[in-house]
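Peer 1: Handing you a structure now.
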Amino acid sequence: MDLLSILLTDSFWAASLRIATPLIFGVLGALVCERAGVLNLGIEGIFVAGSLAGWLAVWLGASLWGGVAAAALTGAAFGLLHAVLTVPLGLSQHVSGLAVTLLASSSAYFTYRTVLPNLAAPPRIEPFRPLGLGPLADIPFLGPVLGQQTALTWAALAMVALVWWVLNRTALGLALRAVGDNPDAVDAQGLSVHGLRIGAVVAGSALMAVGGAFLTMSAFDAFFIGMVNGRGWICIALVIFASWRPGKALLGALLFGAFEAFQVRAQTQAGAVLPSQIFLMAPYVLSIVALTLAARGADYPRALLKPWFKGRR
Amino acid sequence: MIRIEPREAPPRALRWGLPPLAALAALALAAIPLWLAGADVTRAYGLMAQGVFGSAFAVSEMLTRATPLILTGLAAAVAFRARLWNIGAEGQLYLGALAAVAAGTGAIDAPPWALAPLVIAAGALAGALAMAAPTVMKARLGVDEVVTTLLMNFVIILFVQMMLEGPFKDPMGMGWPQSEPMVEAAMLPRLFDRMRVHAGLLIGLAAALAAHVALSRTTWGFRVRAVGENPAAARHAGISVGRTLLGVGAVSGALAGLAGVGEVAGLKGYLTADLSPGFGYAGIVVAMLAGLSPLGVVAAALFVASVFVGADSMSRALGVSSYLADLIVALSLICVLAGGFLARYRVRMG
Amino acid sequence: MTQAPVVLRLSGLSKRFGAVQANEAVSLDLRRGEILALLGENGAGKTTLMNMLFGHYLPDAGSVAVADRDGRLAALPLGQPQAALRAGVGMVHQHFTLAENLTTFENVILGAEPLFGFRRGRAAARARLKALMARTGLHAPLDERVARLSVGERQRVEILKALWRDARILVLDEPTAVLTPQEADALFATVAGMAADGLSVIFISHKLREVLAFSHRIVVLRAGRNVGGMTTASADARAIAAMMVGGALPAQPRPAQAAPGAPVLRLSGARIDAPEARRRLAPCDMAVRAGEIVGVAGVSGNGQAALAALVSGLARPSGGTVELFGQPVTRFDPAAFIAAGVGRIPEDRHHDGVAGAMTVAENLVIERLGDPAVSRAGFLRRRAIADAARKICAAYDVRGPGPEAPARLLSGGNIQKLILARVLDRKPGLILANQPTRGLDVGAAAAVARRLIAAKARGAGVLLISEDLDEVLALSDRVLAIHAGEIREAGAPATLDRDRLGLMMAGEAA
């Protein structure tokens, strides 16, 4: 068995980055929400809704980036619902998130089946194409690996940098970090706690939806019922593993992508020996393990899950 | 100027009236997607009602659909009372069904009268064990059980698929991944001739009553409620939070496992990988609609079952996607959640 | 001082929370460079009034006017901290409003820079902050996370936050609650210096002594109303105390002389190791005997929580032994301690004392679910529980909507009485009373003190942990001082030197 040689192929690393892309968007989105103090369990549903919205927009004639915008707006809308329920109304973040997941996915599936009643093969769109690296394509290893990535993957990498910069180098980011630790501190300095939290949840949800759109607009070119398959939940686990930091989030997503890419390739080699389900189980088990390891001494944002109301001291 | 003031206690009328109001609101909101899908809205509602109440068979179908929902609803309600967020009822259901099949397809040598109880016990135990790991991880390591139970659903369902393609595969099944059929003696009896509603419903009703009595009248239930309301105060008062959580987790998992037993030993007679169209997740909505009250779970389960059965029937007649049912259920959760706000706060104008 | 112009005018401010009228038509003036003390007992409405000034609450009625830079009084938009900050009002809250994951510098500039701007000029801001620290003598490490700062340093950051925004009016809410007597003096000296430079100060306090020592003028609040003001120079302590309480002061309970018996609690070298300094307990040797009250005096955050956790059965010692009633303790969990006869009154009654959504009756039996009077064969004896609850509530004067109502509807004082009832009804041999009168008005505090004294007279040993030095001195037979987890004997209240005790609390005396 040549399992280790898999690690040496370009296609493996290219696949790792590709598989990691939706996770990067998802973890960043969840991270932004949670740093501000709101757990967003709507992520799974928002992935589904984003994947449909982007694909459907393109299928109806929009450009690819128009589709991405449609996905982001869809995510923002569901995010706004979650934000209104949990921030000014202060309802249970767990229940609201699950409700948003149920609403977003059932809305997406209903829309899909209504617009495109049962067809034998799901219709396809013209997805993002690999960008290539132009003159740099000849760099060994990096050339082929990065050259196979589409614009959305580059966007994901850029997002990591952008989120890091906003959180750590801007006044807005300072306020966001503060509101997730002690909303009273933010209120006492004259800033709007609710405004910051709602904004964070909306922005984070938009990011999540773009992660979903990657699935239907870049990784594949069609929408399938059940294609998200728990990626949203995996992102929630990865956020804790990433200690709520964008850099570690990228690392976690890449590790996860590599793991997935590896097990797909290992399955074709060892498929005769082990049932396919063992390989398919592996990502979820890995997430549970990562979560368990990270839970000890995890530096949770202190105000996470706690609603804040004006004038209640 | 809108002012929001906390109420001292939710007015009685609102507490009881809220879930039905939320249900009605969700049904009303469903008019929007119906209209967008181009359907005749009033005809659609009529067909839905007919699909549930139009005949004795329809009602029995609704009750059959409600049976697993009562049990998964109880699983969620009991756990949520202790603030243990068991989102893994789906997986626990499947594991319970797998255990039922393991015990009931003839592999175990037992006198016929003992088979059905054995199957029930096996399913409950399997469900309880499935919830054990996430609960221990929460109690000892502080690992958030929402994500672990969610991820476990995927793991368990894949495991069941693996079993159905492997050791549990029915050699007579013409290649389909399904289990051998349950032995006659291990099956739960039907309640009426020519109707599919089965004894699992009675198990569900009995469980609801038992849960209600346990939560409100026993010391065990007291501890569960105390841990859910204020774990720090419970601990300070000498209640073992870890042990209470483990107990509640086991009961919750067992209830979800029983839902799986019912589907396999009461309804279908064999196990396939698509046994549950999301009963575990729907159970969460049932529990929230019921305000986490075990007796309320029965009513809420009947409502959700009606929505699914009615929408199925309407969708076949009108060609509207049956995902409308999921949409209505999701909307009712949002409505009951938002309505809960009105129960806790008074909104004043001016 | 009467010559200085008015910089702040509160007119007719009222605020109601549900059934409670927290403030009623309160008016007062503040002049430039004045130090005004807002005095009143717990629950008098002092913090609510200042919260309305700062914009945390929206008043039901009334208005506020603040002098602008030219000295003209202008109406202050209400209900917006942003407006108060812009008008030059700064507030140092009783519970610090600091983000612990941010550094000192970041906490100070939070909200002071435009949220969406690019140019920030951080370097210039750092220099300005350093200069401010030098000018006022309020130092704190600039780039250290607040989570790692001591309580005194955190308070200085709170004050710097206000001064950073060019506060011309500074409100200090119970500033000395977390300071040793010496630190309190230092703080007031700094404040006096700033007042001399033109800063106008309101400080909230319930301690008559410090109000008389450090203010220029006093305004007394009682039951939400302004019941009178006077210059400090002309103030009569007894008259003011009467104004605070609305009549003669209730007779302060005076404990009888103790005739202590056998030790009910003995710590021999018991210690708790912890990564955070405030959770540490150094190896200590101490005992509480039957029939005596031992008071532990100390400033918050010096290991009281660790000591309380140890004596409550919530923490196990990292070393040393604990003996209860002469027997070494092997099982460290709350149930075992309760069964052994230890009664615990927790520091945070809402967090650890009661389950707010459960009924009063349920909260009364929560510590003894296995008792035959409470349950039989696992089933709760609901009628017996209800009857017992009625009797106990009457005996201990727990007032509220009734034993079947949720406990969170009770006032703070009544919740404390509920906890006391729960604890004392079992006639414990050892009572741990952790900040038992915090947040209570004078009447409720006196009731708690009477119960503790009665328990002592009955033969129980009481370990009293309190940040209120006066309370410790009034009730204890013996006083211990705690600082940075170390406990030392200070002596009997009648004979100890108060200054020396203050130094011991600050860790500065032998």
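Peer 1: Counting each DSSP H run of 4 or more residues in chain A as -39500 (n - 2.57), what helix-only mean residue ellipticity at 222 nm follows after dividing by all residues, to the nearest 500 deg cm²/dmol?
Peer 2: That comes out to -22500 deg cm²/dmol.
Peer 1: Convert each backbone phi in region A:199-211 into a coupling constant with the Karplus relation 6.51 cos²θ - 1.76 cosθ + 1.60 (shift: θ = phi - 60°), then list the ³J(HN,Hα) values in order as whole Hz, x for Gly and Pro.
Peer 2: Result, ordered by residue: x, 5, 5, 5, 5, x, 5, 4, 4, 4, 5, 5, x Hz.
Peer 1: Okay, next question. For chain B, which DSSP H helices look membrane-span-like by this rule: Cα extent along the axis of 24 Å or more and mean Kyte-Doolittle of at least 1.6? Mind showing how you got there, number by number?
Peer 2: On the way: long enough: B:12-29 (26 Å, 1.12); B:56-81 (36 Å, 1.18); B:112-141 (44 Å, 1.33); B:145-165 (29 Å, 1.76); B:200-217 (25 Å, 1.62); B:241-262 (32 Å, 1.38); B:294-318 (35 Å, 1.52); B:323-344 (32 Å, 1.90).
TM-like helix candidates: B:145-165, B:200-217, B:323-344.
Peer 1: Estimate the FRET efficiency between residue C:323 and residue C:278 by the formula 1/(1 + (r/R0)^6), using the beta-carbon distance for r and 22 Å for R0, to the nearest 0.05.
Peer 2: Using R0 = 22 Å, I get an efficiency of 0.25.
Peer 1: Take the alpha-carbon centre of region B:304-344, take the same for region C:106-171, and report the distance between them in whole Å.
Peer 2: 53
Peer 1: With charges set only on the Cβ (+1 for Lys and Arg, -1 for Asp and Glu), what does the dipole of the protein assembly as shown come to about its Cα centre, in debye to the nearest 20?
Peer 2: 2340
Peer 1: Ratio of the protein assembly as shown's C-alpha Rg to 2.2 N^0.38 Å, to two decimals?
Peer 2: Numbers: Rg = 32.8 Å, N = 1173, 2.2 N^0.38 = 32.3 Å.
Expressed relative to 2.2 N^0.38 Å, the Cα Rg reads 1.02.
Peer 1: Near residue B:268, which lysines are there with a Cα under 27 Å away, not counting those fewer than 8 places off in the same chain?
Peer 2: Excluding near neighbours in sequence, the set is B:169.
Peer 1: Using alpha carbon coordinates only, what is the Rg to Rh ratio of chain A, with Rh defined as the Kirkwood radius?
Peer 2: Taking Rh as the inverse mean 1/r over Cα pairs, Rg/Rh reads 0.99.
Peer 1: Considering only DSSP beta bridges with both partners in region C:87-237, what is the antiparallel share in %, to the nearest 5?
Peer 2: Approximately 45 percent, going by the DSSP bridge assignments.
Peer 1: If R₀ is 60 angstrom, what is the calculated FRET efficiency for the pair residue C:236 and residue C:377, using the beta carbon separation as r and rounding to 0.05?
Peer 2: Rounded to the nearest 0.05, the efficiency is 0.40.
Peer 1: Still on this structure, I have one more. With r as the distance between the Cβ atoms of residue C:72 and residue B:241 and R0 = 60 Å, compute the FRET efficiency 1/(1 + (r/R0)^6) and round to 0.05.
Peer 2: Values: r = 60 Å, r/R0 = 1.00.
The calculated FRET efficiency here is 0.50.
Peer 1: Shape call for region B:2-349 from the C-alpha gyration tensor, a ≥ b ≥ c root eigenvalues: rounded (a/c under 1.5), prolate (a/b greater than b/c) or oblate?
Peer 2: oblate
Peer 1: Treating the angle as unsigned and between 0 and 90°, give the value, to the nearest 10°, between the Cα long axis of helix A:43-59 and the longest Cα principal axis of chain A.
Peer 2: Compared with the principal axis, the helix lies near 60 degrees.
Peer 1: Greater than 28 Å separation of Cα atoms is the criterion. Which listed pairs, C:15/C:207; C:46/C:427; C:207/C:427, meet it?
Peer 2: C:46/C:427; C:207/C:427
Peer 1: Where in chain C are the DSSP H helices whose C-alpha atoms run 15 Å or more along the long axis and whose mean Kyte hydropathy is at least 0.5?
Peer 2: The answer, listed by residue number, is C:181-196, C:412-424, C:442-457.
Peer 1: Could you work out how far the C-alpha centroid of region A:39-101 sits from that of region A:146-184, in angstrom?
Peer 2: Taking the Cα centre of each part, region A:39-101 and region A:146-184 sit 19 Å apart.
Peer 1: Quick one: compute the contact order of region C:358-510, relative version, from alpha carbon pairs under 8 angstrom and 6+ residues apart, as a percent.
Peer 2: Taking the mean separation of contacting Cα pairs over the length of region C:358-510, I get 15 percent.
Peer 1: Right, next: Where the eigenvalues come from the Cα gyration tensor of region A:24-140, what are the semi-axes √(5λ) of the equivalent ellipsoid, largest first, in whole Å?
Peer 2: 30, 22, 11
Peer 1: Add +1 for every Lys or Arg and -1 for every Asp or Glu among the other residues with Cβ under 12 Å from the Cβ of residue B:15, and state the total.
Peer 2: +3
Peer 1: Exposed loop sites here are GluC sites (Glu not before Pro) in DSSP loop states with at most 16 other C-beta atoms within 10 Å. What is the longest stretch of chain C lacking them?
Peer 2: That gives C:1-143 as the longest site-free run.
Peer 1: Could I ask something else about it? Which value in nm describes the separation of the simple spin-label points at residue B:209 and residue B:174, placed 7 Å from the Cα toward the beta carbon?
Peer 2: 4.3
Peer 1: For region B:50-101, restrict the atom set to alpha-carbon positions and state the Rg and Dmax in Å.
Peer 2: For region B:50-101, the Cα radius of gyration and maximum Cα-Cα distance read 14.4, 40 Å.
Peer 1: Can you work out the Karplus-derived ³J(HN,Hα) for every residue in region C:344-354? Use 6.51 cos²θ - 1.76 cosθ + 1.60 with θ = phi - 60°, whole Hz, and x for glycine or proline.
Peer 2: Residue by residue, region C:344-354 yields 10, 10, x, 5, 10, 5, 7, 7, 10, x, 9 Hz.
Peer 1: Follow-up. Take each of the peptides A:178-186, B:111-119, average the number of other beta-carbon atoms within 10 Å over its residues, and list them starting from the highest.
Peer 2: A:178-186, B:111-119
Peer 1: Still on this structure: Roughly what % of DSSP beta bridges within the protein assembly as shown run antiparallel, to the nearest 5?
Peer 2: Around 60 percent of the beta bridges assigned by DSSP in the protein assembly as shown are antiparallel ones.
Peer 1: Next question, about the same structure. Mind checking the full-extension length gain between residue A:169 and residue A:141? Use 0.36 nm per residue of separation minus the Cα-Cα distance, one decimal, nm. Before the final figure, lay out the partial values.
Peer 2: On the way: separation 28, 0.36 × 28 = 10.08 nm, distance 3.28 nm.
Between residue A:169 and residue A:141, full extension yields an extra 6.8 nm.
Peer 1: Now a separate question. Do you know the relative contact order of region C:87-185, to the nearest whole percent, from alpha carbon pairs under 8 angstrom that are 6+ apart?
Peer 2: Reported as a whole number, the value is 53 percent.
Peer 1: On to the next question. Out of residues 5 or more away from residue C:289 or on other chains, whose amide H comes under 5 Å of its own, with H placed 1.01 Å from N in the peptide plane?
Peer 2: C:264
Peer 1: Based on DSSP H runs of at least 4 residues, each adding -39500 (n - 2.57), what is the mean residue ellipticity at 222 nm of chain C after dividing by all its residues, to the nearest 500 deg cm²/dmol?
Peer 2: -9500 deg cm²/dmol
Peer 1: Check which residues have an amide H placed less than 5 Å from residue C:79's amide H, if you skip close sequence neighbours.
Peer 2: C:55
Peer 1: So what's the back-of-envelope 222 nm ellipticity for chain B, counting only DSSP H runs of four-plus at -39500 (n - 2.57) apiece and dividing by all residues, rounded to 500?
Peer 2: -23500 deg cm²/dmol
Peer 1: Next question, about the same structure. Find me the longest stretch of chain A that has none of the exposed chymotrypsin sites (Phe, Trp or Tyr not before Pro), where exposed means in a DSSP loop (not H, G, I, E or B) with at most 13 other Cβ atoms within 10 Å.
Peer 2: Of all site-free stretches, the longest is A:1-140.
Peer 1: Can you tell me, using C-alpha contacts under 8 Å and at least 6 residues apart, the relative contact order of chain C as a whole percent?
Peer 2: 15
Peer 1: Going by the alpha-carbon gyration tensor, a ≥ b ≥ c the square roots of its eigenvalues, is region C:243-360 rounded (a/c under 1.5) or, if a/c is not under 1.5, prolate (a/b greater than b/c) versus oblate? It would help to have the intermediate numbers written out before the result.
Peer 2: Details: a/c = 1.59, a/b = 1.33, b/c = 1.19.
Cα axes put region C:243-360 in the prolate bin.
Peer 1: Give the average, rounded to an integer, of partner chain Cβ atoms located within 10 angstrom of each Cβ in A:169-175.
Peer 2: So the per-residue partner count for this stretch is 6.
Peer 1: So if I take the centroid of the Cα atoms in region C:300-348 and the same for region A:188-235, what is the distance between those two points in Å?
Peer 2: 48
Peer 1: Within chain C, what percent of beta bridges assigned by DSSP are antiparallel, to the nearest 5?
Peer 2: On the way: 45 of 81 bridges.
Beta bridges within chain C, antiparallel portion: roughly 55 percent.
Peer 1: Under the rule a/c < 1.5 gives rounded, and otherwise a/b versus b/c splits prolate from oblate, where does region C:97-166 land using the Cα gyration tensor?
Peer 2: Here region C:97-166 falls in the oblate category.
Peer 1: Using amide H atoms built in the peptide plane, which far-off residues or other-chain residues are under 5 Å from residue C:22 H to H?
Peer 2: Result for residue C:22 returns C:15, C:16, C:17.
Peer 1: For residue C:391, give me every one of the aspartates and glutamates with a C-alpha distance below 16 angstrom, ignoring sequence neighbours fewer than eight places off in its own chain.
Peer 2: Of all the aspartates and glutamates, those that pass the test against residue C:391 - Cα under 16 Å, at least 8 places apart if same chain - are C:362, C:404, C:425.
Peer 1: Same structure, new question: Helix A:246-270 against the longest principal axis of chain A: what's the angle in degrees, Cα atoms only, rounded to the nearest 10?
Peer 2: Here the helix axis deviates by roughly 30 degrees.
FYI, it's all coordinate maths here, none of it is from the lab. As the structure is a prediction and not an experimental result, all values here were calculated from the model. Neighbour counts run over all protein chains shown; Cβ positions are idealised from the backbone, glycine included.
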